[in-house]
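Have a look at the structure below before the remarks.
The values are calculated or read from the model by the stated rules, or taken from the named source; none is laboratory data. Every value quoted in this text rests on a predicted model; they were computed, and no experiment measured them. In this analysis, Cβ positions are derived from the backbone assuming ideal geometry, glycine residues included, and neighbour counts consider all displayed protein chains. Accessible surface areas use protein heavy atoms only, side chains included; no ligands, DNA or RNA. Shrake-Rupley method; radii C 1.70, N 1.55, O 1.52, S 1.80 Å.
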Amino acid sequence: MAILKQLRWFFRQQWRQYLGGVVALILVAICNVIPARIIGNVVDAISAHRVLFGWLMIQLGIMVGAALIQYFLRFAWQKLLYGSSYVLERQLRSRLFHHFMVMDPSFYQRWRTGDLMAHATNDVEAVREVASYGILTLADSVITGGSMIIAMGVFVSWRLTLLTLLPLPLLVLLSHHLGNKIHDAYGHAQQAFGELNNKTQESISGIKVVQSLGEEQADLADFHRYVQHALHTNLRAYFWDALFSPATTLIMGLAYIIAIGVGGWAVGQGQLSVGQLVTMITYLGELVWPLFAIGTLFNTLERGRASYDRINTLLAEQPTWLPAPQNSAVPTGDLVVKIDHFAYPDGKVDVLHDVHFTVPKGAKVGLVGPTGSGKSTLLRLLVRDFDHYQGTITIAGQDIRQLPLNDYRRRVAYVPQTNFLFSTTIDRNLRFGNPAAGDRRLRGVTAAVAMDNEIAAMPDRYQTTVGQDGTNLSGGQKQRLALGRALMKDAQLLVLDDPLSAVDAETAEQIEQHLEQAGDQSIIMATSRLSTVGQLDWLIVMEDGTITEQGRPDQLLGQPGWYRDTLREQLRRQRLEDDLNETN
């Protein structure tokens, strides 16, 4: 019953609906007492050969009336109880989704997408079952069972009732023993479902890679292993669950034996009438449902408790972003970076150290260096993916960690290395960060990222659906649309992480020329194509997590270092490729 205590906050919210549902169940139980009593009276009347037609019609009319009243009452409790449970489902889903929106990247490194989806779907559904079917079976089993036992004692014999109920304590012991088994088993089953969900999502998202490498059979075999594991855990859960129903049947069989044996002897001794014995057996038959309901109740409650524990574990995690005063405005001015040390939350080795530079307002800064030098990590600190570092990043002298996170991010546009497009139209993808932007601005941005002609050639132009994560677009088109989406924002700072790596050199140079003319907008762009950074205001070279060179591109070109050597090597390779193409 622990899950019911955990959900007290919800039952307090919806107490009127649940009170109404329980009252309806009580009235149903009262109506349910009537038919068995009438059947016993009719049997006694038949035995005494004193059945009158008018009296019999009255008895049948009472039974029909009770059935009609039960019909409307059952409609009432289903509407009240099940309707309220969907309110709980909505609240839990909303709470989880809001939690997903505010968590930091380290949270998504610990939790896989499939697990999070399982929490937001399967686990929430299991908790909703507690607030609907669980409450129903609990209240109905107690009310119906209690009313039947009282009726047996009042209308038949309290002594025979006590004897008949002797086997029922066995059910309590069985429920206690199996409850813990069912809870653990369903916990493992839910976890296996999350793993299967994650595998399915991963395989579908990476279907192009799987097919291009010819690994369909291997991936299918891997999927079957997850299916088998999920099947095994569910079979284990159903094994413990299945033990309850046969045991309930056995216990009810013992109760019937006592009722018929002792009751039959009492009829022979003249202590009971045949009608009373029939009434007793009929009431006992009505107890079958409450007893079976107890079995399904423990199943529902333990499954819901396991799911609610998983949801609470997820919600208990807190983002690592530092709190900021809500009345702080995002200033405009120079960006000053002074990072002394930074290591990822799950790492012990510094990824960045001694990274100090200044970006004047409106300046265009390039960030270059070998793979693994810390460029992407630095950009993630600028967009506040992580706040726990030694040092400061300030705008106009104010630490960005002391600014409201949402307000700060509205002033920053970020294009990561891995681009994501929503499964909707090109128009809606581009307007995602600025839905109120006009068509003139939209077309200006698509021209700036060299996508205007390609969009015009598509069947539905801006209303073309890009598919899940842009599956029907090339890598270069995805990159340019992601860049266009960032340009649509009225951002003070544009942070770009190698945004044109999949675009040909000529198109990339055209786009970068537009970026260099972006007016007062400050730009920090990491890039691997050094031939296109010559017109930037400032260049920063990073190696092994620190800055080894910085200055104007022409200055760095005139002094020994990574930038000059790598640029010369890239230009030499480009000339060789051009000569080879001319020869062919």
**Asked** Can you pick out the pairs among LYS338/LYS361; LYS348/LYS478; LYS79/LYS199; LYS348/LYS375 whose Cα atoms lie more than 26 Å from each other?
**Response** LYS348/LYS478; LYS79/LYS199
**Request:** Using the Cα centre as the reference, give the magnitude of the dipole from point charges on the C-beta atoms of the chain (Lys, Arg: +1; Asp, Glu: -1; all else neutral), rounded to the nearest 20 debye.
**Result:** 2700
**Prompt:** Using Cα atoms only, what is the angle between the long axis of helix 216-242 and the major principal axis of the chain, expressed in degrees (0 to 90) to the nearest 10?
**Reply:** 30
**Request:** Compute the long axis of helix 505-516 from its Cα atoms, compare it with the longest principal axis of the Cα atoms of the chain, and write down the angle in degrees, 0 to 90, nearest 10.
**Result:** 90
**Asked** Tell me, in nm to one decimal, what length is gained between ARG93 and ARG74 on full extension, where the rule is 0.36 nm per residue of separation less the Cα-Cα distance?
**Response** 4.0 nm
**Prompt:** How large is the helix-only mean residue ellipticity at 222 nm for the chain, computed as the sum of -39500 (n - 2.57) over DSSP H runs with n ≥ 4, divided by its residue count, in deg cm²/dmol to the nearest 500?
**Reply:** -20500 deg cm²/dmol
**Item:** Protein accessible area in the range 243-300, 1.4 Å probe - carbon and sulfur %
**Value:** 74
**Request:** Measure of size requested: the Rg and Dmax of the chain, with Cα atoms as the atom set and Å as the unit; please supply both.
**Result:** 35.9, 122
**Message:** Leaving out ligands, DNA and RNA, and with a 1.4 Å probe, what % of the accessible surface on the range 477-584 is carbon or sulfur?
**Reply:** 42
**Prompt:** Hey, rough spin-label estimate for ALA436 and LEU576, points 7 angstrom out along Cα→Cβ, what's it come to in nanometres?
**Reply:** 5.5
**Item:** Cα-projected label distance for LEU243 with ARG8, points at 7 Å along beta-carbon direction, nm
**Value:** 3.1
**Rule-of-thumb Rg ratio for the range 431-584 [Cα; 2.2 N^0.38 Å; N residues]** = 1.19
**Item:** Ranking by accessible area, most exposed first, for TRP158, TRP9, TRP240 with a 1.4 Å probe
**Value:** TRP158, TRP9, TRP240
**Reachable lysines, given that their alpha-carbon falls under 21 Å from the alpha-carbon of LYS5 and they are not under 8 places away in the same chain** = LYS181
**Fill in**
Ignoring ligands and nucleic acids, GLU509 exposes an accessible area, probe 1.4 Å, in Å² to the nearest 10, of 100
**Beta bridge orientation in the chain: antiparallel %, DSSP, nearest 5** = 55
**Request:** Straight distance only, please: which aspartates and glutamates reach the Cα of LYS489 with their own Cα at less than 16 Å, same-chain residues fewer than 8 apart left out?
**Result:** ASP407, ASP427, ASP439, ASP520
**Request:** Calculate the radius of gyration of the Cα atoms of the range 329-422 to one decimal place, then report Dmax, the largest Cα-Cα distance, as a whole number, both in Å.
**Result:** 13.5, 38
**Message:** Residues of the range 361-387 with backbone nitrogen within less than 19 Å of a virtual label 7 Å along the Cα-to-Cβ line of THR548, please, listed as ranges.
**Reply:** 366-379
**Request:** Provide the descending list of Cα extents for the range 336-491 along its principal axes, expressed in whole angstroms.
**Result:** 52, 30, 24
**Prompt:** For the chain, what is the accessible area per residue in Å², given a 1.4 Å probe and the full set of protein chains?
**Reply:** 50
**Fill in**
So the carbon and sulfur contribution to the accessible area of the range 366-445, 1.4 Å probe, in percent, is 49
